[in-house]
Amino acid sequence: MKDTFITKASDWDSPERISMTKKFVDELLMHVSPLSTWKALEIGAGTGLIGLQIEPFVSKVVFEDTSESMLNVLKQKLNDDIKAEILHGEVFEYKKRDIDLIFSSMAFHHITNIEKTLQHLAMITKTGAWVVVGDLETEDGSFHGFEPVPHLGFDTSILSEQFRQNGFDVKSVNIYNTISKGIDSIIMNYEQFILIAQRK
Ligand SMILES: C[S@@+](CC[C@H](N)C(=O)[O-])C[C@H]1O[C@@H](n2cnc3c(N)ncnc32)[C@H](O)[C@@H]1O
């Protein structure tokens, strides 16, 4: 498993990223009210910027990521945190069928096989469980400086249909933030969507 975030991990927690993750969490909490009994799983948890904000609301968070270096930054924040469980690897390695809430921000475009991932999410979630995914709307590749990534954002109507085909009700999809980046002296705007689905 290649760690493509090895050079980014130590500087990941910038004020801009912290603010971006707060917007995602605020939006998530507008749609879903987590219960203290819930077990949650974050896909592409990175340094835990999002999962650590959700953790106070639930009984457990599984922080899953393929990057050991990102998870090492997270581990330094955890101390004796008994509500946190780290899963280093692909989400397919999580096999229990006990999840009430899955969330993921800016990780789906790094996941090669979305169809297989959604099939797996349907398997590990309870009936009525929530899945909340935030990512980029379709972009031209400039977001990652034209480096290859599995998905140049998403067409949310196609992604929504994939959720439906895999046993989820899509409750809402909306744009909740725009990231502006200066690229070759041009300001590029990248819209971020949040998709809220519930397992049937
Ligand atoms: C853009 S970062 C976002 C991190 C975190 N969600 C945040 O908002 O700060 C993408 C994360 O997804 C992880 N990732 C990449 N491919 C993955 C995969 N196939 N499964 C799980 N995580 C993956 C990366 O290692 C990285 O930590």
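Taken together, the values in this text are just the output of simple stated rules run on the coordinates, not laboratory data. Nothing here was measured: the structure is a model prediction, and the numbers come from that model. In this analysis, Cβ positions are derived from the backbone assuming ideal geometry, glycine residues included, and neighbour counts consider all displayed protein chains.
Values as computed for the structure displayed
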item	result
Semi-axis lengths, Å, the range 34-110, gyration tensor of Cα atoms, sqrt of 5 times eigenvalues	17, 15, 11
Highest-fluctuation residue, 36, 185, 104 considered, GNM on the chain with Cα pairs under 10 Å	185
Top of 30, 106, 123 by mean-square fluctuation, Gaussian network on the chain, Cα under 10 Å	30
Pair residue 22, residue 93: separation of 7 Å Cα→Cβ label points (nm)	3.3
For the range 116-177, alpha-carbon Rg over 2.2 N^0.38 Å	1.26
Theoretical FRET efficiency, 1/(1+(r/R0)^6), r = Cβ-Cβ of residue 81 and residue 3, R0 30 Å, to 0.05	0.85
Of 39/83; 75/181; 60/171; 60/96, pairs whose Cα-Cα distance is over 20 Å	75/181; 60/171
Mean ellipticity per residue at 222 nm, deg cm²/dmol - from DSSP H runs of n ≥ 4 across the chain, formula -39500 (n - 2.57)	-8000 deg cm²/dmol
Separation of the residue 188 and residue 162 label points, Cα + 7 Å toward Cβ, nm	2.1
Cβ crowding within 10 Å averaged over residues, with 44-55, 82-93 ranked highest first	44-55, 82-93
Length released on extending from residue 116 to residue 14, taking residue separation times 0.36 nm less the Cα-Cα span	33.5 nm
Net lengthening on full extension, residue 178/residue 72 (0.36 nm per residue, minus Cα-Cα)	35.3 nm
Kirkwood hydrodynamic radius over Cα pairs of the chain, then Stokes diffusion coefficient at 20 °C and 1.002 mPa s, in µm²/s	125
